[in-house]
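Data block below; observations after.
Nothing in this text is a laboratory measurement; each read-out follows from the coordinates by a stated rule. Everything numeric in this text was worked out from a predicted model, so none of it was measured. Because the Cβ atoms are built from the backbone with ideal geometry, glycine has one as well, and the counts that use them run over all protein chains shown.
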């Protein structure tokens with residue numbers, strides 16, 4: 001039993017980081033009814049943006065975390081506009097954006113001299129930005145589409161591949177790591193048999209803070225009200241004069257920023273950054289949001305802690321080989337007893 | 001990404017050239033012994049999980065081929081080295097072997113990097129009667145695949161007993177905790193050997209914990225281990241996971257007096273790079289050590305440094321020695337016929353290599369003396 005306090009700490013801080021990831025995941029699902037499988041790739045890019053800030057730009061970590069969050073947030077918006085929105089309503093702006101994006105990709109992947117490369121990337125970005133602005137301003141789309149639910153999911157898988165390949169091209173397939181001296185390795189002694197390292201404490205504090213901020217944002221602000229409105233009925237919200245596409249962009253920004261924060265924090269805690277690091281957390285995150293109830297933010301947070309606890313406790317008291325079996329066992333159990341998840345409700349009451 | 005495109009182009013050109021060459025070679029070699037280009041290949045994990053090992057193997061094999069070609073060791077003949085990336089996967093290794101055997105008609109393949117891949121790809125070479133010299137496969141069941149399969153990497157079953165014996169003499173421990181990756185042939189094989197050695201020497205195993213490839217979090221297992229107060233922790237893992245284990249062990253406050261003792265996976269300078277100060281005091285059994293007093297070792301370390309700007313690791317040394325062992329067999333056989341070279345290779349005895357006096361035993365496993373090393377100030381030192 002002596003290991004129990006320490007195992008609880010292990011479970012809590014990891015649960016907190018997982019909760020950050022899962023809340024953004026479930027938020028987008030709640031609003032759009034789309035499983036954004038590229039959420040893990042956004043998570044990975046958040047970690048790498050902070051990595052670039054710290055190693056290349058010599059920013060301090062305290063600036064790097066917000067920069068990574070904002071960067072990942074914008075990545076979320078771009079993701080929506082490039083991969084999801086054209087499936088809902090196609091505008092001239094979307095087409096311009098895609099053209100810009102393709103130029104950007106050519107610039108990044110092609111075998112150019114550094115000068116040409118910079119010009120191609122820059123012009124691609126400018127076109128992309130122009131398309132984005134045009135897309136935001138457009139009132140009447142070229143085509144309003146009714147695509148099956150599967151289409152956006154497949155398109156998010158495609159986005160994952162693009163984002164992961166870009167990271168591989170930029171940072172290589174090898175493991176990158178933050179400089180060693182960012183955090184002292186020596187842990188704080190909490191009780192006689194429980195310690196927490198500074199980075200784990202940071203993960204815990206920052207995650208809890210962001211969770212509270214998100215809660216206030218959704219429950220107390222005009223934007224949160226609009227988000228909940230769209231989650232309830234997009235059509236009604238539109239009739240009431242809510243700029244639906246703009247609110248969806250905001251949702252993607254929040255979701256991306258949360259994924260980015262989770263990426264930086266877990267990247268720091270394990271000091272292991274690689275382009276495929278999103279895959280595993282993606283799976284864990286999916287489990288969490290299903291267990292918590294698709295679309296329920298509080299449910300996702302609670303389920304994340306639950307999954308974190310089950311992971312450590314199954315190792316502590318049963319057998320480490322069966323760790324994942326217990327996590328997915330929980331998933332099946334919840335699906336059997338309450339297919340809508342612990343806090344999942346019908347669409348009407350979710351709002 | 002640009003490099004990859006470049007590489008692809010180069011590879012395509014190389015294949016085109018090779019196809020022409022190998023046809024000439026077949027005619028030449030039967031007529032007047034050694035001449036022309038003798039195609040050999042290296043299959044390394046240049047990307048993917050094991051990408052910490054592959055690049056040093058590639059660099060070292062290129063270095064050795066250059067030296068051999070310059071020295072005129074094979075008379076008029078020159079070695080032609082074709083390098084393939086197996087992406088650290090079985091499938092990648094199988095594809096690479098297929099291409100090298102059917103298209104490039106190589107007589108010998110060095111690699112693949114991982115034992116896991118070797119088990120899948122080596123039977124292809126055995127069927128085609130092409131020599132495989134594993135230079136980093138240490139799991140059991142590799143050379144058993146067939147009589148064309150050799151390796152110059154000491155198996156864990158030779159290195160580990162030595163590691164346990166020497167460290168126990170110096171540190172005097174009686175109870176240990178064991179951790180291993182249970183989804184990889186190499187780390188599982190390392191665990192089996194450790195378990196047997198520990199049981200044989202009467203050391204008590206307090207707990208056995210497992211993890212999976214690509215796991216990042218080991219705190220639950222390590223917390224459990226910490227609660228049991230072991231004298232040492234024995235770990236069978238690849239470098240990336242090992243680095244995570246080392247770091248998290250120290251984060252959880254497991255004292256420095258508890259050393260983390262590992263197998264072959266620890267023997268990469270990347271371990272110290274990835275784990276930083278937490279890697280201090282990690283101990284591992286190895287086939288080679290950078291300060292070894294073996295023939296040609298000093299020159300090898302210098303040349304490798306000149307080529308890559310960093311010290312070679314054990315995997316580089318084994319790949320380097322591997323090329324020399326094959327070249328020596330080709331020279332002794334006086335032919336590039338795979339069967340003749342195989343027979344000459346099997347007779348290799350007391351050959352001077354950077355690994356020391358090198359021989360193959362009747363099972364085509366290597367025979368030379370292992371060492372035990374420890375990390376001090378971020379560098380490998382001989383464990384004393």
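Values as computed for the structure displayed
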| read-out | value |
| --- | --- |
| Between helix B:90-102 and chain B: long-axis angle, C-alpha atoms, 0 to 90°, nearest 10 | 20 |
| Relative contact order for chain A, counting Cα pairs under 8 Å that sit 6 or more residues apart, in percent | 35 |
| Residue A:332-residue B:337 FRET efficiency (beta carbon distance; Förster radius 60 Å; 0.05 resolution) | 0.55 |
| Linear extension gain, residue B:308 paired with residue B:257, 0.36 nm per residue minus alpha-carbon span | 14.8 nm |
| Quotient of C-alpha Rg and 2.2 N^0.38 Å, computed over the stretch A:5-117 | 1.34 |
| Averaged over B:247-256, number of beta-carbon atoms from partner chains that fall within 10 Å | 5 |
| At 0.890 mPa s and 25 °C, Stokes D of chain A from Kirkwood alpha-carbon radius, µm² per second | 116 |
| Convex hull volume per residue for chain B, taking Cα atoms only, in Å³ | 125 |
| Directionally averaged shadow of the stretch A:228-351, computed from the convex hull of its alpha-carbon atoms, nm² | 9.1 |
| Highest-first arrangement of A:144-152, A:70-78, A:19-27, A:249-257, where packing means the average Cβ count within 10 Å | A:19-27, A:249-257, A:70-78, A:144-152 |
| Semi-axes of the equivalent ellipsoid for the stretch B:157-286, Cα gyration tensor, largest first, Å | 19, 16, 15 |
| Pairs of Cα atoms farther than 45 Å apart, the protein assembly as shown, % | 31 |
| Cβ neighbours within 10 Å from other chains - mean over A:323-330 | 1 |
| Relative contact order of the stretch B:298-384, pairs being alpha-carbon contacts under 8 Å that are 6 or more residues apart, as % | 15 |
| Residues B:152, A:319, A:80 arranged by fewest to most Cβ contacts within 10 Å | A:319, A:80, B:152 |
| Folded to 0 to 90 degrees: helix B:115-128 orientation relative to chain B principal axis, Cα | 20 |
| Cα centroid separation, the stretch B:255-321 to the stretch B:121-163 (Å) | 21 |
| Which of A:232, A:62 has the fewest Cβ neighbours within 10 Å, and the rest in rising order | A:62, A:232 |
| Relative contact order (percent, whole number), chain B, Cα cutoff 8 Å, 6+ residue spacing | 17 |
| Residue mean of other protein chain beta carbons inside 10 Å, A:180-191 | 2 |
| Packing-based exposure ordering (other Cβ within 10 Å, fewest first) of B:376, B:270 | B:376, B:270 |
| Potential extension, residue B:357-residue B:127 segment - 0.36 nm per residue separation minus Cα distance | 79.7 nm |
| Burial ranking of peptide ranges B:182-192, A:107-117, B:108-118, B:286-296 (average Cβ count within 10 Å, highest at the top) | B:108-118, B:182-192, B:286-296, A:107-117 |
| Spatial extent of the stretch B:58-172: Rg and Dmax, with the Cα atoms as the point set, Å | 16.6, 56 |
| Calculated [θ] (222 nm, deg cm²/dmol) that DSSP helices of n ≥ 4 give over chain B, each run adding -39,500 (n - 2.57) | -15000 deg cm²/dmol |
| Peptides B:158-164, A:175-181, A:276-282 ordered by average Cβ neighbours within 10 Å, highest first | B:158-164, A:276-282, A:175-181 |
| Angle between chain B longest axis and helix B:219-228 axis [Cα atoms, degrees, rounded to 10] | 50 |
